[in-house]
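The structure appears below as structure tokens.
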Amino acid sequence: MFTIDKASPDALFEQIKTGLRREIASGRFKPGQALPDEGSLGEQLVVSHMTVRRALVELSREGLLRRISGKGTFVRDAFAPQPKTRRGAIAVVSTVDPAERASLYYHRMLQALLTGLEETGTPLAFRTVRQPYEEFVAGLRADRSLRALAVVWASDAELLRHLAKLPLPIVLLDSASPPQPRFDEVVQDGEAAVYAAVDYLIKLGHRDIGLI
């Protein structure tokens, strides 16, 4: 395994990317082969797992690696379709009270979303629902970077009515559905719901997905 030079002016994650490229080019890691997990790589290279993760995510975006949730990171076949990336942030828009955002449930839901988006190279941003809803939804409508929305824990019928007017695919997660919904899917299983929603929207061909 290659080593990291902490005295080098090059960023640690860039050194990891360079080292992994060389390992793959030399044949140590072959197409379809799994790389060591982030923790193991971090221990071997004496860097944090977050530094390793950044390197792996960027190599995935470049098409060299493939990250599969729950399974690991694999060397991508040179002839496999390369992931498409899109500029612009994904809006995570929440109705959750600030005090509740520290909860494990909310944290794991966001982590599940991040894991799904990492595989597509999709960036993420955060917003908070505000009133009047009409102005808030107008702002979403004007945001051309959004291609779909996931609505989390929304029980206000007025908010849902305004959201239903948006010309976007919308998935409800642990949210109350209005009497006459035009939403694409409703799921009620917390963390699993996030995985299901992201997978559903990606299969529709969407890459810019907002979580509300």
**OP:** Check Ser40 against each of (1) among the small types (Gly, Ala, Ser); (2) without any contact (Cβ under 8 Å) to a residue 40 or more places away in the chain; (3) closer than 23 Å to Arg207 by Cβ and name the one condition it does not meet.
**Re:** (3)
**OP:** Take the residues in the range 11-29 that are under 27 Å from the mean Cα position of the chain (by Cα) and of a type in the set (A, V, I, L, M), then tell me which one is surrounded by the fewest Cβ atoms within 10 Å (Cβ to Cβ).
**Re:** Ala11
Original post:
Taking Gly39 and the conditions (1) modelled with pLDDT of 90 or more; (2) surrounded by 14 or more Cβ atoms within 10 Å (Cβ to Cβ); (3) not hydroxyl-bearing (Ser, Thr, Tyr), which numbered condition does it fall short on, given that it satisfies the others?
Top reply: (2)
Subject >> Inter-residue pairs, beta-carbon under 6 Å, first farther than 14 Å from Pro169 by Cα and assigned by TED's automatic domain parsing to the domain that holds Leu160 and in the range 134-146, second at pLDDT below 85 and loosely packed, with under 12 Cβ neighbours inside 10 Å, 6+ apart >> reply: Phe136/Arg130
Original post:
Which of the following residues is within 30 Å of Leu168 (Cβ to Cβ), at pLDDT 85 or above and either within 24 Å of the chain's Cα centre (by Cα) or assigned by TED's automatic domain parsing to the domain that holds Ser145 (or both): Arg61, Arg86, Arg67?
Top reply: Arg67
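The values are calculated or read from the model by the stated rules, or taken from the named source; none is laboratory data. All of these numbers come straight from a predicted model, not from anything done at the bench. Note that each Cβ is placed from the backbone with ideal geometry, even for glycine, and that neighbours are counted across all protein chains shown.
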